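Here's the structure we're looking at; comments come further down.
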Amino acid sequence: MKSLTERTLTFLIDAVAINLGWLLYYYVRVISGWIQVTIQPDLLAPMVFIYFFWAVLFFLVGLYRPWYAASRFDEIALLFKTTGLGCLFLFFVIFVDDAGRPTGPSSRVLILLYWFILFVMVSGGRVILRSAQRQLLVAGIGARRTVILGSATRSRELYEDVTKYPALGYRVVGFVGIDKRWGKKQDQGVPLLGYLVDLPAIIGRRQIQDVIVALDSTDHDRLLDIVARCSAYNVGLKIVPDLYDVISGMAKTNQIYGFPLIEISPQLLKPWEEATKRFIDVAVSATVLVAGSPLWLLIALAIKLDSPGPVFYKQERVGKDGDRFRILKFRSMHQHAEREGPTWAHRRDPRVTRVGKVLRKLHLDEVPQMFNVLRGQMSLIGPRPERPVFVEQLTKEIPMYPRRLKVRPGITGWAQVKHKYDESIDDVRKKVQYDLFYIENISLRMDLKILFSTVSHMLLGKGH
């Protein structure tokens, strides 16, 4: 809720700054008389278009993500690059073909003038907002509920460092010991809330938003366990920088006031990549459903003629962040295939119908999941969505399993094209490795590679 309020304020301040910037530019260019124009251009229509252009661009590059305890210099640097590239785009799209072209300065000078005005207005608004936020954080308003996890000595040192800089935005509500060597139940007025094994319960019960890790060098091997225990929760996970070599492939450095922290597994996709991925999901799924509708009707008829029961198979699955939804597939098994409870499917499963064997071979039984994609419950590419009963079982048996829930599940994925069909818990363990590899290396390029591999599997009939 706090991050939503912050983004709303940032959005509103940007709206004022962008539109004021355009009004100032219009005044200098048209009204002031300093620059002669042959035709007076419209004011409002271009202003509305320009504002929406900047609003969309700022969102795509990540300028509306939470910036609490972030470097103002980094934010202004990103603004500088974004407004510069955006103005170059506008120059080629709009300013070159300007009906009110002046008789004096060239379009290059005008776009440079507009860029300068825009950058000063927007960056000025951002600096004012961030300064006000810093003052509120210093006063304890808006700080994030935080626990420090680690050894007693390192945790005390880290607590002292954090309390020196209240503008970092961390309100430490307690310590969590790495094991029972901690000793005291309270230190520096801050309680010991429990130990590493209690971390999930502490996060849920205390509504923790950030976990800061302070491990001894002898405890480096605990890091994966810590990441696994936090994976199922929407919490920020940060460690002190001397552990960077342990998780160099999963870390991003964040340094404020000379106080460095390393963020483990930060935002997986940049906002523009996430928006593009979602656009591709919607475009492809809608096209497949509409363009292939005659074939889907024939498949539905074949299913009805082959065996009694409904055309579609619905089943509860676990999606992103643990949200549950009902997956939709063409029925490929007999109507009461799971009368005795959920079981793993097999390569030569007797429960599969004649039509179902063909559908599975060509992966056509998955097509109705395009409706789940349109609803935003799934993506084209991602980890396979599992049933709640299996998610609970696998979470206990595979420590990193909950990390799969950080992204939308997919119709196909890296694990599906690299490994065989799930027939046992061992197959799932193997697939989890592929899923985690995909999550840590997620990109549009990788999604396209998986999509092409899936199409190849369908054409060659490599399904099970």
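Summary of packing: across the peptides 119-125, 147-153, the per-residue average of other C-beta atoms within 10 Å ranks them, highest first, as 147-153, 119-125.
Do me a favour and compute the ellipsoid semi-axes for the range 115-185 from its Cα gyration tensor, root of five times each eigenvalue, largest one first, whole Å.
Calculated on Cα positions only, the semi-axes equal 37, 11, 9 Å.
Using the Cβ-Cβ distance between Asp216 and Lys270 with R0 = 51 Å, the FRET efficiency computed as 1/(1 + (r/R0)^6) comes to roughly 0.90.
With coordinates expressed along the principal axes, the C-alpha atoms belonging to the range 362-424 extend over 31, 25, 19 Å, beginning with the largest. The Cα-based radius of gyration and maximum Cα-Cα distance (Dmax) for the range 271-460 are 16.2, 47 Å. According to the Kirkwood relation over distinct C-alpha pairs, the hydrodynamic radius of the range 115-245 is 16.0 Å.
Bear in mind these aren't lab numbers, they're just calculated from the coordinates by the rules spelled out. Keep in mind it's a predicted model, so treat the numbers as computed, not measured. Please note: Cβ atoms are built from the backbone with ideal geometry, for glycine as well, and neighbour counts cover all protein chains shown.
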